[in-house]
Amino acid sequence: MASVVQLENVSFGYRDHSSILQDIDFSINENSFVSILGPSGCGKSTLLNLIAGFLPNYSGSIQIEGKPVKKPSKDQGFVFQDLALFPWLTVFKNVEFGLRMQNIPKGTREVKVRDMIELVGLTAYSSFPISSLSGGMKQRVALARTLVTEPGLLLLDEPFSALDAQTRDVLQEELLTLHNNVKTTTILVTHSIDEAIYLSDQIVLLSKNGSVKEIVNIDLEKPRDRSSSHYNEYQRKLYEFLRNERQSLNEGVI
Amino acid sequence: MSKWKMSWLAIPFVLIIWSAVSAQYPSYLFPGPIDVLNEAVSQWQKGELTNHIIVSLKRLIIGFVLSAIMAFIVGIFAGASRHFREFLTPLVTYFQATPPMAWAPLLIILLGLGDAPMIAVIIIASFFPILINVIQGMNHIPASHIRAAQSLGAKSWKLAIYVYLPEIIPAAISGIYVGFAISWRSLVAAEMIGGNSGIGYFIAFNGQIGNASSVLLGILLIGFLALFMDYLLLKPLHKRFASWAVRS
């Protein structure tokens, strides 16, 4: 399978910090679902922002479909932790935003938006203002707004972290179904071990110093049985990883 | 039938007090509501007052629209550039502390007695309150909104029109409310000291010739016109562009 995203020797640091990410090397295959997991502050979100093109001053090389990443573009769809929905627009207009910016003719635009809103189950809420929706519904709008533009790559920055456990489970299922349908290559940043195992084909483990510790392939059929022994093995392994990282972090502080 | 509101009592209350107090004085000193109403009818028939009202409203609208456009443009640049903002800060503080009215004599010397100095007073009065609010609005745009728009394909002017502008409008409208109140009051005051037309001039002139009914009529009109502009322009503006900010 062709790799869509390729990172080689990627390092990054803000001016006032020494270094956040160091020598990141990995590639992501087309249509696959990859999670980035690591302890708090290890730079997972920063890494996703680099891939999205929001932080152009990195060293090394990030390529998407062979092209170097320099700035944000419609090819890298991004779902933000705070969702970043536009509160002055309705559900329909939020989902329509990207197509409008890309000058898609009105007729085509409306059909695509309607279909996408239907796919995320919000048809009845099309004309509602964003403020009247629940957390889970807002999440669906954010996902729909990004997916409707058919980005080659879908980047999700802890999108479910603000939701209650039940809604999160439902949305994880939905995301999996969506991914099966549209097959967009997806990178998810998460701090949840369960979420990473349940959804991903591969998990990139970032250690606390901002380098790749290991890349774990999850060889389990989807949809996955959370109570299976294989699933639990993966869980144990990742839990161990995070615990060790936390311990060495504490030692570093003391 | 709609629900009973205490606000329905407010104007009758004032009218009753006014009638009671004015009854203690001869009507050429302190006219009552009926005297002022009679004066309004006779002024309406003469047509002169209508012209003064039109002149004042025309000045207000021209000055205010010019001021709002300039404040939006300067505010967006100031919001985007820290250096420009630093440059503007002392100027804003200085002009905010100066009553716009104080400029009127100089502006009349410079620009004559017509519309120009009055429009200038309105601009001085309303530009800074709107500007400050536009800058504040710019500073409060969440970075993720800009990034989201960029990753959805919004660039340069589209980003400005479809994201920056709607983001700053609620704050800007607060500035417009404040600016409107200050500029209307300043306009009337400026017309009183150095105009030859407008509602302020009407009050000042009638004061000098001792026509108390006309003076009171003018004062009442200032308030009514402000209410009228509020309902006709400001409230619909707020409803159309800023109601989302209240909801979210």
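The values are calculated or read from the model by the stated rules, or taken from the named source; none is laboratory data. Keep in mind the model is a prediction, meaning the values are calculated, not measured. FYI the Cβ positions are ideal-geometry reconstructions off the backbone, even for glycines, and counts take in every protein chain you see. Just the protein is used for accessible areas: all its heavy atoms, side chains included, with ligands, DNA and RNA removed. Shrake-Rupley method; radii C 1.70, N 1.55, O 1.52, S 1.80 Å.
Points to keep in mind about this one:
- In region B:127-164, the residues that give up 50 Å² or more of accessible area when the other protein chains are added, compared with the chain on its own (1.4 Å probe), are B:144, B:145, B:147, B:151, B:152, B:158, B:162.
- Per residue, the accessible area of region A:34-183 comes to 41 Å² when a 1.4 Å probe rolls over the protein heavy atoms.
- Chains B and A together bury roughly 2000 Å² of accessible surface, counting both sides and using a 1.4 Å probe on protein heavy atoms.
- Rounded to 5, the percent of DSSP beta bridges in chain A classed as antiparallel: 50 percent
- Diffusion coefficient (Stokes-Einstein, Kirkwood radius over C-alpha pairs, 20 °C, 1.002 mPa s) for the protein assembly as shown: 78 µm²/s, rounded to a whole number.
- Spin-label pair residue A:169/residue B:98, simplified geometry with 7 Å Cα→Cβ offset, distance in nm: 6.8 nm
- Rounded to the nearest 20 debye, the dipole size of the protein assembly as shown about its Cα centre is 1100 debye, using +1 on the Cβ of Lys and Arg and -1 on the Cβ of Asp and Glu.
- The mean number of partner chain beta-carbon atoms within 10 angstrom of a residue's beta-carbon across peptide A:90-100 is 2.
- For region B:53-198, the carbon plus sulfur part of the accessible surface works out to 74%, probe radius 1.4 Å.
- Kirkwood radius for region B:53-198, taken over all pairs of different Cα atoms as the inverse mean of 1/r, rounds to 16.2 Å.
- Listed residue (A:197, A:182, A:99) projecting farthest to the positive dipole end of chain A, Cβ model: A:99
- Reachable lysines from residue A:138, criterion Cα separation under 17 angstrom, eight or more residues apart if same chain: A:93
- Structure remark: mean-square fluctuation, Gaussian network model of chain A, C-alpha springs under 10 Å; the largest value among A:230, A:191, A:179 belongs to A:230.
- Chain A, helix-only ellipticity at 222 nm - DSSP H runs n ≥ 4, -39,500 (n - 2.57), divided by all residues, nearest 500: -12500 deg cm²/dmol
- Solvent-accessible area per residue in region B:53-198 equals 45 Å², computed with a 1.4 angstrom probe and all protein chains kept.
- Averaging over all projection directions, the Cα-based convex hull of chain A occupies 14.6 nm² in the image plane.
- What the phi angles of region B:12-27 give under the Karplus curve with 6.51, -1.76 and 1.60, with θ = phi - 60°, is a coupling list of x, 4, 5, 4, 5, 4, 4, 4, 5, 6, 5, 5, 7, 10, x, 5 Hz, glycine and proline written as x.
- Whether region B:96-165 is rounded, prolate or oblate, judged on the alpha carbon gyration tensor where a/c under 1.5 counts as rounded: prolate
- Using a probe of 1.4 Å on the protein chains alone, the accessible area found for residue A:137 is around 40 Å².
- Degrees between helix B:199-208 axis and first principal axis of chain B (Cα, 0 to 90, nearest 10): 30 degrees
- Rounded to 5, the percent of DSSP beta bridges in the protein assembly as shown classed as antiparallel: 50 percent
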